[in-house]
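Everything below concerns the one structure shown next.
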Amino acid sequence: MSRTQTAQLMDGTSLAGRMIEESAAHAADITRRTGTSPCLATVLVGEDPASVTYVRMKQARCAKAGIKSRSIGLPAETTTAELIDVLAGLSDDPEVHGILLQHPCGPHIDERAAFEAIAPEKDVDGVTMQSFAAMSFGLPGFMSCTPGGIMRLLEAYDVELDGKLAVVVGRSAILGKPVGMLLLAKNATVTYCHSRTADLSSIVQEADVVVAAVGRPRLIRGEDIKPGAVVIDAGYNPGNTGDVDFDTALTRARLITPVPGGVGPMTIAVLLAQTVEAAANQLGIRQSRHPDQEFVDAGRAGSRRGHCPPSSVAESFTSRCVR
């Protein structure tokens, strides 16, 4: 690719819109056949302005897709034990099909313990250890939403991953690590990097696919992008700035996601699609499914037997991830 050319933008907004339309059609079908609408419960601890905005955005998207939303707001001083009790109650509530714990929850909360209180068949955000295991072993289940959205984008733009070198910059449990596993499942050769990787530039320069998910503005220099590479910028920093130096990368990449309008909308679209799938599974409705969203009917019983859960594929929170 000539350096005078401009990369094609990967339009996450349009693709997400089509996905939400499909989710709305499936939700309407479920409601018609069962008399029950898919329901997503969101749990928010405290009143962090960004988190409040994210939750409201998700509620608006739920309404657009015909998905009921239940919002549970908890005071900032809520303890881990109290939060776990709330999540366990939602897990046992048959009227709730998906659970989203908005994070971060605050430094005093053990988020991992809270995530593990979510029933696997309702983990539509793909945050539990069992969901990660399902992604890693290629078993049926939900993907973490942002990695799931990234994979949908790559598929929509016919990006060939077999044998390609994919460099993932970021190692969070809900973005960097799982997206690497999903890329590996598509036969990409995956290299994990992060903010402390020595000579990051030389590694990025060899990549056919770059996934930036570390939450540091413009950490990835545009001049390090290999000509013709595919660039997925999952970072979102103040000033609508991603983790990639966009203007320079635009002149070298073949495909690149804008910030905003690339990965972010896809995260929410996957969340809604998985909520509808969770409802269909729990209500015994069989629907046509995307290959990355297979379900089995074992439900929670599977996890009780010690198996990886059958249930488990948002705006980007990479700025808050472990670097």
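On the principal axes of its alpha-carbon atoms, the range 31-79 has extents of 42, 21, 7 Å, going from largest to smallest. Each principal axis of the Cα cloud of the range 223-287 was taken in turn, and the coordinate range along them, longest first, works out to 51, 27, 13 Å. Under 17 Å of direct C-alpha separation, and excluding same-chain neighbours fewer than eight residues apart, LYS164 reaches these lysines: LYS186, LYS226.
Close amide-amide hydrogen proximity is noted between ALA41 and ARG70, HIS97, GLY98, ILE99, LEU100, each under 5 Å apart and 5 or more residues distant or on a separate chain (H modeled in the peptide plane; Pro and chain starts excluded). Solvent-accessible area per residue in the chain equals 41 Å², computed with a 1.4 angstrom probe and all protein chains kept.
For the chain, DSSP calls about 5 percent of its internal beta bridges antiparallel. Taken as Cα centroids, the range 17-68 and the range 87-136 sit 17 Å apart, rounded to the nearest whole angstrom.
Backbone geometry of the range 158-169 corresponds, through the Karplus equation with coefficients 6.51, -1.76 and 1.60 at θ = phi - 60°, to 3J(HN,Hα) couplings of 6, 7, 7, 9, 4, x, 7, 8, 10, 9, 9, 9 Hz, x marking Gly and Pro. The structure-derived value of mean projected area of the Cα convex hull in nm² appears in the list (i) 17.1; (ii) 22.9; (iii) 15.2 under the label (iii). Normalised radius of gyration (Cα atoms, divided by 2.2 N^0.38 Å) for the range 147-292: 1.07. For the peptides 177-184, 199-206, 100-107, the ranking by packing is 177-184, 100-107, 199-206, with the highest mean count of neighbouring Cβ atoms within 10 Å listed first. Only the Cβ atoms of Lys and Arg (+1) and of Asp and Glu (-1) were treated as charged; on that basis the dipole of the chain about its Cα centre amounts to roughly 280 debye. Listed by chain and number, the lysines whose alpha-carbon sits under 29 Å from that of LYS64, ignoring those within fewer than 8 places in the same chain, are LYS122. Distant-in-sequence amide contacts of VAL190, defined by a placed amide H-H separation under 5 Å and a gap of 5 or more residues or a different chain, comprise ALA166.
Each label was represented as a point 7 Å from its Cα along the Cα-to-Cβ direction; for THR31 and SER14 these points are 2.9 nm apart.
For the range 155-203, the Cα-based Rg and Dmax, in that order, read 11.3, 33 Å. In terms of its Cα atoms, the range 132-226 spans 38, 26, 19 Å along the principal axes, sorted from long to short. Bridging of LYS58 to lysines at a Cα separation below 16 Å is possible for LYS68, once same-chain residues fewer than 8 apart are set aside.
Our note on the geometry: Cα centres of the range 143-209 and the range 219-260, 14 Å apart.
I'd like the trypsin sites (Lys or Arg not before Pro) in the range 167-240 restricted to DSSP loop residues with at most 10 other Cβ atoms within 10 Å, sorted by number.
Hits after loop and neighbour filter: ARG196.
The values are calculated or read from the model by the stated rules, or taken from the named source; none is laboratory data. All of these numbers come straight from a predicted model, not from anything done at the bench. Note that each Cβ is placed from the backbone with ideal geometry, even for glycine, and that neighbours are counted across all protein chains shown. Heavy atoms of the whole protein, side chains included, go into the accessibility calculation; ligands, DNA and RNA do not. Shrake-Rupley method; radii C 1.70, N 1.55, O 1.52, S 1.80 Å.
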